[in-house]
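This report refers to the structure that appears directly beneath it.
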Amino acid sequence: MKHLIKLTAALTIGLSLALSSCKKADSTANKPVDRTDYNALSKQIALSFYKSLNSGSRGFKASSTGGRRVNSTGPQCGDVVVTPTNSIQIGDTTRVVTGNTVFTYLCNGGVLNEYSLADTLRTQETGVGFESIYTTAQNYSTRAVDVSYLKSISNGKMSVGYFQRKVNNNGVTTDQLSWATHYTLVNVAVTQTVDGAVITGGQANFTSTVYHKDDVIDINGWSDEHIGYITFQGNDIIKVIFGNAQGFTGTYLVNIKTGAAIQL
C-alpha cells in the first residue's frame, strides 16, 4: 500500500513503516500474500499503549505516604475533578489541542484507594496542503493494591487514532490515511516510579484498523484489520501477539524504551 508522504515530524512512532505494506486487491479471492510490516506495526501498538497509559495512570503517584484516605484533608470519596484542555499554537503549522479529563476518586472499605478516569484528547495540526488529527480516549478504573499507593491494577478501555490528508490547491483531498487501535485492559498491573509507569503484568486485547485512499493506487480505498493481544513481560518488554482475518499469527517482543522489536 502506498502511504502518505510524511507531512509533519510529529507522526506517531513507526506509523509510516507499519502501514507501508503494498496495496491489496479489494476482492478477497484475489488478495496477494499479506505483506504488512508486522515488526513495525507491533512497535506502534506497544508504544501507543504505553504512552497512553503512562500519561493517564497517575492517580496515586504522589501518595507514597498513603495520605489519600477518606479522612484526609485532600480528595474525598466520590470527589470528581474535571480538567478541560484547550490550547492553540499558530505558525507555519497551526496546532489546536482540545479535550476533557474526568477524574473520580473512589473508596473501598473506607479507604480512598481507587479512581476512574474518563479522558479524551484531540490534537489537530494544519498547514499548507495537509491536515493531521491525533486522538486518544481512555475510560478505565485503577485500584491501588499496596499501602504505598504505588502499585495498582487497571481495567477498562483505551483508544488511539490518527488521520492525515493531503489537499491540492483547490482544496480537494488527494490522499488520506487513517488508523485506530482499540485496547481492552484486563488486570493491567502498574507500578509508579520516578521515571513513570512501569507495566508489570496483565493483558490488553487490541483491534487495529487502517484505511487509505488516494488518486493513484488506492482509488477505491483500501482497508485492513489486525487483532490480537499484548502482555507485559517486565524489564520494559511488551509482547505483541497477532491474529487476523488472513490467518496471520505472529509474536513480537517490543522494548518500550528503545523501540526495538524482534519476532519470536
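The values are calculated or read from the model by the stated rules, or taken from the named source; none is laboratory data. Keep in mind that what you see is a predicted model, and the values were worked out from it rather than measured. Glycine gets a Cβ as well: all are built from the backbone with ideal geometry, and neighbour counts include every protein chain shown. Areas reflect the complete protein model, heavy atoms only, side chains present, ligands, DNA and RNA absent. Shrake-Rupley method; radii C 1.70, N 1.55, O 1.52, S 1.80 Å.
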**OP:** Filter region 131-155 for residues that are open to solvent by less than 30 Å² (accessible area, probe 1.4 Å), part of a strand (DSSP E or B) and touching a Ser or Thr at 6+ places or on another chain (Cβ under 6 Å) and give the result.
**Re:** SER132, TYR140, THR142, ALA144, SER152, SER154
Original post:
Which condition does LEU121 not pass, out of (1) within 30 Å of ARG95 (Cα to Cα); (2) assigned to a loop (DSSP other than H, G, I, E, B); (3) open to solvent by 40 Å² or more (accessible area, probe 1.4 Å); (4) not small (Gly, Ala, Ser), if it passes all the others?
Top reply: (2)
Subject >> Criterion: of a type in the set (Gly, Ala, Ser), closer than 19 Å to SER141 by Cα and under 20 Å from the mean Cα position of the chain (by Cα) - qualifying residue of GLY234, GLY228, GLY201 >> reply: GLY201
Original post:
If you scan region 162-177, which residues turn out to be in a strand (DSSP E or B) and surrounded by fewer than 16 Cβ atoms within 10 Å (Cβ to Cβ)?
Top reply: THR173, THR174
Original post:
How many of the residues making up region 217-231 are in contact with a Ser or Thr (Cβ under 9 Å, 6 or more places away or on another chain) and either within 30 Å of THR173 (Cβ to Cβ) or at pLDDT below 90 (or both)?
Top reply: 5
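Residue-by-condition table, conditions (1) within 11 Å of the chain's Cα centre (by Cα); (2) assigned to a loop (DSSP other than H, G, I, E, B); (3) at pLDDT below 65:
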position	(1), (2), (3)
PHE49	yes, no, no
PHE60	no, yes, yes
GLY67	no, yes, yes
THR73	no, yes, yes
GLN76	no, yes, no
VAL82	no, no, no
ILE88	no, no, no
